[in-house]
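Some notes on the structure that comes next.
The values are calculated or read from the model by the stated rules, or taken from the named source; none is laboratory data. What you see is a predicted model, and the numbers here were worked out from it, not measured in a lab. When we count neighbours, we look across all protein chains shown, and the Cβ atoms used for this are built from the backbone with ideal geometry, even at glycine.
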């Protein structure tokens with residue numbers, strides 16, 4: 001084995017370990033057993049985007065989830081002839097987990113505001129892994145339910161005191 005091969009294997013091993021640690025911290029995956037996390041860590045890829053690149057486009061179903069390793073992205077919403085920035089996300093943000101579970105057209109576009117490096121998992125790879133670990137699906141659903149409840153609690157705290165119409169739109173957690 002030459003030095004280049006050894007360095008390459010060490011690099012892949014280090015990246016795998018980093019991916020595994022990241023997945024363990026993401027609520028979406030946190031209830032999964034170590035063996036399932038290892039498979040997912042192996043299946044993840046890393047990709048770099050230049051400022052201005054689109055990670056995904058509104059109305060498309062790309063079937064990917066993104067973890068922002070570095071950089072900053074803008075969440076955009078196009079309506080009529082205008083595209084507005086809804087908010088920004090930075091390092092350690094996990095985006096698109098629901099798209100791993102089934103077909104889902106994006107309600108937003110995601111654009112790199114700076115150079116961005118992401119850890120990406122596709123629906124196809126996730127589905128293949130979950131066929132091996134089908135007992136994990138309830139844990140993922142539990143994480144989703146938890147996130148929906150937290151989101152709605154924040155919405156109620158942040159908006160319903162000043163926006164009575166917002167209160168009438170509440171109830172996502174009842175779905």
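May I ask you to say which residue of 70, 93, 99 is assigned by TED's automatic domain parsing to the domain that holds residue 17 and buried (at least 18 other Cβ atoms within 10 Å of the Cβ)?
Working: 70 fails: buried (at least 18 other Cβ atoms within 10 Å of the Cβ); 93 fails: buried (at least 18 other Cβ atoms within 10 Å of the Cβ).
Of the residues listed, the single one that is assigned by TED's automatic domain parsing to the domain that holds residue 17 and buried (at least 18 other Cβ atoms within 10 Å of the Cβ) is 99.
For residues that are within 22 Å of residue 16 (Cα to Cα) and either touching a residue at least 24 places away in the same chain (Cβ under 8 Å) or assigned to a strand (DSSP E or B) (or both), tally how many sit in the range 37-62.
To start, the set of residues in the range 37-62 that are within 22 Å of residue 16 (Cα to Cα) comprises 37-49.
In the following step, the residues that additionally are either touching a residue at least 24 places away in the same chain (Cβ under 8 Å) or assigned to a strand (DSSP E or B) (or both) were identified as 39-49.
Adding up the residues that qualify gives 11.
Given the conditions (1) within 22 Å of residue 38 (Cα to Cα); (2) touching a strand residue (DSSP E or B) at 6+ places or on another chain (Cβ under 8 Å); (3) free of Cβ contacts under 8 Å to residues at least 24 places away in the same chain, report the number of the one that residue 119 does not fulfil.
For residue 119, the failing item is (3).
Might you let me know whether the range 109-117 holds any residue that is modelled with pLDDT of 95 or more and within 20 Å of residue 20 (Cβ to Cβ)?
Within the range 109-117, one or more residues are modelled with pLDDT of 95 or more and within 20 Å of residue 20 (Cβ to Cβ).
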